[in-house]
Amino acid sequence: MTDPQAIVIGAGPAGAAAAIGLVRAGTKTLLLERARETGDALCGGFLSWRSLARLEKLGIDRAALGGQDVTRVRLFAGRRSSETALPARAMGVSRRRLDSALQATAEKAGAALERGVHTTAIEGGSVQTRDGAVLSAPALFLAAGKHGFRGFPREPAPWQRADPVMGLRLRLPGHATLDRLVGDAVELHLFDRGYAGLVRQEDGSANLCLAVHKSRLDEAGGEPAALLHALADAHPQLGERLAFADWSRDVDAIGHVPYGWHAADSVPGLFRLGDQAGVIPSLAGEGIGLAFASADAAVAAWRHGGAGAAPAFQGQLAARMARPFAIANLVWRAGENPRTAGGLTLLASCVPPLVRWAMHATRIRGD
């Protein structure tokens, strides 16, 4: 595409949603994606009721995604457990299926999607790529996901700096017993210095994602599979689920995820979206919600204020993220501390309305 009005870097949920909104607003949009084929990203297999509503506004029918219905949240900590109904129906779906649907919708709307383009730097209103090309547009939308982007540092909270957080993922093949164990729930397994989230997806498999401090991984010799085996031995409910793992498959990993970080400002012409705007603790299940909310707000800011609206947009988005991030951080820190995780789970069991309040309070509010 020549002379685009907007360049979106990254075709994940935030970038694809922004591209859909931009082209529908009459903006000539170039969408860049580093992967040549749509993969199954490590994080983001849970779609909250609010994310599903935003998907429908983008023109994607939730039934067409074919994901697994999720109606409950289940907590495990030591010997304690709790189960609470979600405020509304949610969904478990693979990122491959979700991203493919969003990218197809963006292309159908009129966005130019170019794959295999590895963006290396942003300078002014220009994007530099690994092959030496320089692309320019009045507005740039940075939606490169959880991976760091050169020139845009994301600092973790002080309590994470000495012991950074890693992201791990293992896919559990579908099995009738696993279906019975997990059912229509999203599960959170709490343990010392980390937690694991588990949800079934459209093909019957289950996506197991962990956020774990590096010190815990180091104790397992730096081997993710060894850590998972140790967790299975120490936590029987998690062990029941991991009994169905295919250990011939690698455990996916991403290092130094700055959970709790958010961008407070930007420069004219640069809109930061999704995990490039803020990284909410994944136990909140609002990563995809943040992607969609930031895309909606960025498109609205661009339409009403042009390139100069980017700094105000970034500040307003940061303000909207402050309360959900603070609550998610509190719950996370209580959940990964053995002294408080059991009490948290007991409280969830005794006071279900408190759990539902936390679910609402960790959503990114709409415009």
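The residue that is surrounded by the fewest Cβ atoms within 10 Å (Cβ to Cβ), among those in segment 30-55 that are part of a loop (DSSP other than H, G, I, E, B) and among the hydrophobic types (A, V, I, L, M, F, W, C), is Ala35. Among the residues of segment 163-210, those that are more than 23 Å from Gly66 (Cα to Cα) and touching a Pro at 6+ places or on another chain (Cβ under 7 Å) comprise Pro164, Leu168, Asp192.
Tell me, please, whether a residue that is exposed (fewer than 13 other Cβ atoms within 10 Å of the Cβ) and either closer than 30 Å to Val267 by Cα or among the small types (Gly, Ala, Ser) (or both) can be found in segment 93-101. No: segment 93-101 contains no residue that is exposed (fewer than 13 other Cβ atoms within 10 Å of the Cβ) and either closer than 30 Å to Val267 by Cα or among the small types (Gly, Ala, Ser) (or both). For segment 262-279, indicate whether the set of residues that are surrounded by 15 or more Cβ atoms within 10 Å (Cβ to Cβ) and either touching an Asp or Glu at 6+ places or on another chain (Cβ under 7 Å) or without any contact (Cβ under 8 Å) to a residue 12 or more places away in the chain (or both) is non-empty. No: zero hits. Scan segment 77-100 and give yes if some residue there is in contact with a Pro (Cβ under 9 Å, 6 or more places away or on another chain), in contact (Cβ under 8 Å) with a residue 40 or more places away in the chain, polar (S, T, N, Q) and in a loop (DSSP other than H, G, I, E, B), otherwise no. No, there is no match, as no residue in segment 77-100 is in contact with a Pro (Cβ under 9 Å, 6 or more places away or on another chain), in contact (Cβ under 8 Å) with a residue 40 or more places away in the chain, polar (S, T, N, Q) and in a loop (DSSP other than H, G, I, E, B).
If Val134 passes every condition in (1) more than 30 Å from Gly194 (Cα to Cα); (2) touching a residue at least 12 places away in the same chain (Cβ under 8 Å) but one, which one does it miss? Unmet condition: (2).
Hey, among the residues in segment 192-206 that are of a type outside the set (A, V, I, L, M, F, W, C) and closer than 13 Å to Arg74 by Cβ, which one's surrounded by the most Cβ atoms within 10 Å (Cβ to Cβ)? Explain how you work it out, then say what you get.
Our first condition is that a residue be of a type outside the set (A, V, I, L, M, F, W, C); within segment 192-206, this holds for 192-195, 197, 200-205.
Add one more test, that the residue is closer than 13 Å to Arg74 by Cβ, and what stays is 195, 197, 200.
Values: Tyr195: 24, Gly197: 22, Arg200: 27.
My answer is Arg200.
Only a single item in (1) at pLDDT 95 or above; (2) more than 20 Å from Arg200 (Cβ to Cβ) is not met by Thr71, and it is number (2).
When Pro153 is tested against (1) without any contact (Cβ under 8 Å) to a residue 12 or more places away in the chain; (2) over 30 Å from Gly274 (Cα atoms), only condition (2) is not met.
The values are calculated or read from the model by the stated rules, or taken from the named source; none is laboratory data. Values in this document were obtained by computation on a predicted structure and should not be read as measured data. Please note: Cβ atoms are built from the backbone with ideal geometry, for glycine as well, and neighbour counts cover all protein chains shown.
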